[in-house]
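Any read-out appearing in this document is the output of simple, stated calculations on the displayed coordinates, not a laboratory observation. From a predicted model like this one, the values you see are computed outputs, not experimental measurements. Reconstructed Cβ throughout: ideal geometry from the backbone, glycine too, with neighbour counts over all protein chains shown.
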């Protein structure tokens with residue numbers, strides 16, 4: 001039973017990692033819109049060359065946000081496929097468009113087209129009440145030029161999961177010589193129309209029920225107010241150690257679960273989508289208040305610096321100078337780029353109770369305070385603050401001037417008390433220090449190959465996992481290297497990862513490992529995959 005539970009958790013972790021792949025496109029979207037929109041709307045004169053250039057960048061950002069399903073089907077299919085990832089991504093797009101085509105045609109068989117979809121027609125021909133007809137019209141939209149159900153990112157996720165399953169199951173299928181051209185990953189693309197008809201048929205009849213459920217959940221979240229915000233903040237941090245917090249954040253950011261808003265005559269769903277729309281709007285007076293991100297500013301700019309200072313003052317005096325070399329980078333990454341894993345996992349390793357009974361509820365409270373004081377600001381770290389400078393009229397954040405110092409003091413007092421009261425082995429307090437970063441560094445000799453006893457970093461990581469023959473799969477999300485092994489007995493212990501292999505954190509669930517490396521994990525993962533010949 002435990003093994004089955006760990007396998008299910010590993011699959012959820014892999015899925016959460018796949019959901020993070022399209023995020024890079026969405027980050028580009030936010031930054032592009034944040035910089036270009038004030039230039040086009042308020043600074044450059046309409047019709048000038050500079051205004052036209054700014055408008056082009058705004059249109060690119062709008063293109064990204066209008067086609068979310070495309071980026072998510074690529075990311076999910078690519079992330080969940082264990083082989084032939086390029087073919088899988090291609091098949092994922094094919095599946096998404098095929099499924100939407102099936103839904104569109106099934107609707108037309110029932111007389112529902114873009115021309116007939118209106119309240120009057122539905123009341124007259126489908127015997128719907130006015131209220132039911134209004135709700136029904138909102139179920140349809142255009143996806144990549146196809147009139148179909150508004151499945152949001154859910155249609156892309158479902159299509160991606162199905163194609164990834166197909167690729168993992170039949171991606172190496174062999175056919176007779178006469179049909180060899182269609183063997184392997186091409187066989188999956190041949191199967192897409194068959195599965196698309198079945199999947200489209202099921203979704204056409206089931207989605208109205210699912211859509212009603214989503215609307216009910218969205219109404220609950222909306223009506224829950226600050227309590228719902230508190231629950232979100234707690235769950236987000238509570239799931240972080242398991243790598244599954246993205247499963248909570250993504251639906252809120254990119255579907256109607258995060259709310260809807262009419263921006264310049266266009267109905268927008270999802271907190272991130274609304275925030276980008278408000279950024280690009282020349283009439284909006286402020287950014288989104290209930291954005292489920294502003295609370296992180298209290299933690300990143302106030303809480304974690306306070307906790308780090310508490311760790312510094314409670315360290316042994318002879319270790320404090322060395323502590324600065326550890327604390328300053330950890331605080332910098334938290335405040336400047338919003339990567340908090342180094343200090344969060346240090347807290348978790350030192351005391352799970354301190355993490356879950358103090359940090360988690362205080363995180364929830366931070367989101368509540370930001371929303372209650374009507375903070376409307378873009379970004380949760382310094383690097384994402386540029387749009388605020390360009391559109392200061394949309395920023396409402398005076399409460400941060402006192403909330404951030406309060407959180408600094410709160411974390412400092414609580415962490416200092418807990419460290420001393422329970423003798424927690426935070427950095428600098430034990431004989432063997434708990435570290436944010438490694439002491440040793442492996443030199444990367446990839447270009448010239450290993451020599452003079454120097455081992456390429458990715459080779460050292462492979463060996464730490466028990467060698468290439470012990471590794472089943474290698475994936476990564478934004479900050480974590482996710483590896484599944486055959487035998488965990490030959491994998492290096494936690495201290496080896498933290499002390500010798502530059503890891504910022506370490507999570508083990510059975511045969512599934514998550515090694516936290518921060519933003520550089522993408523390069524590490526690519527090097528390992530190349531060394532293992534994993535495409």
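Taking a ≥ b ≥ c as the square roots of the eigenvalues of the alpha carbon gyration tensor, segment 147-261 is oblate, as a/c is not under 1.5 and a/b does not beat b/c.
Along the Cα-to-C-beta direction of residue 46, a point sits 7 Å from the Cα; which residues of segment 276-292 have their amide N less than 15 Å from that point? Residues passing the 15 Å test: 281-284. Cα centroid separation, segment 18-45 to segment 331-404: 21 Å.
When only Cα pairs under 8 Å and 6 or more residues apart are kept, what is the percent relative contact order across segment 457-532?
Numbers: 121 pairs, mean separation 27.4, N = 76.
Taking the mean separation of contacting Cα pairs over the length of segment 457-532, I get 36 percent.
The listed peptides 29-38, 398-407, ordered by packing as a protection proxy, come out as 29-38, 398-407 (highest mean of other Cβ atoms within 10 Å first). The order of 309, 15, going from fewest to most other C-beta atoms within 10 Å of their C-beta, is 309, 15.
Here 39, 326 are placed in order of increasing Cβ neighbour count within 10 Å, fewest first, which gives 39, 326.
So what is the relative contact order for the chain, in percent, with contacts set as C-alpha pairs under 8 Å and at least six apart? Working shown, then result.
Working: 848 pairs, mean separation 73.8, N = 535.
In percent, rounded to a whole number, it is 14.
Counting alpha carbon pairs within less than 8 Å and at least 6 residues apart, what relative contact order, in whole percent, applies to segment 89-225? Don't jump to the answer; show the numbers that get you there.
Values: 121 pairs, mean separation 44.2, N = 137.
Relative contact order, segment 89-225: 32 percent.
Note on residue 522 and residue 496: their simple-model spin labels are 3.0 nm apart, each label 7 Å out from Cα toward Cβ. Please work out whether segment 2-223 counts as rounded, prolate or oblate from its C-alpha gyration tensor, where a ≥ b ≥ c are the square roots of the eigenvalues and a/c under 1.5 means rounded, while otherwise a/b larger than b/c means prolate and anything else oblate? It comes out oblate by the Cα gyration axes. A helix-only calculation puts the chain at -18500 deg cm²/dmol for mean residue ellipticity at 222 nm, using -39500 (n - 2.57) for each DSSP H run of at least four residues, averaged over all residues. As a proxy for reagent exposure, ranking 256, 120 by other Cβ atoms within 10 Å from fewest up yields 120, 256.
Label segment 457-532 by shape, choosing from rounded, prolate and oblate, from the square roots a ≥ b ≥ c of the eigenvalues of the Cα gyration tensor; if a/c is under 1.5 it is rounded, and otherwise prolate applies when a/b is larger than b/c, oblate when it is not. The partial results should precede the final answer.
Numbers: a/c = 1.35, a/b = 1.12, b/c = 1.21.
The shape class here is rounded.
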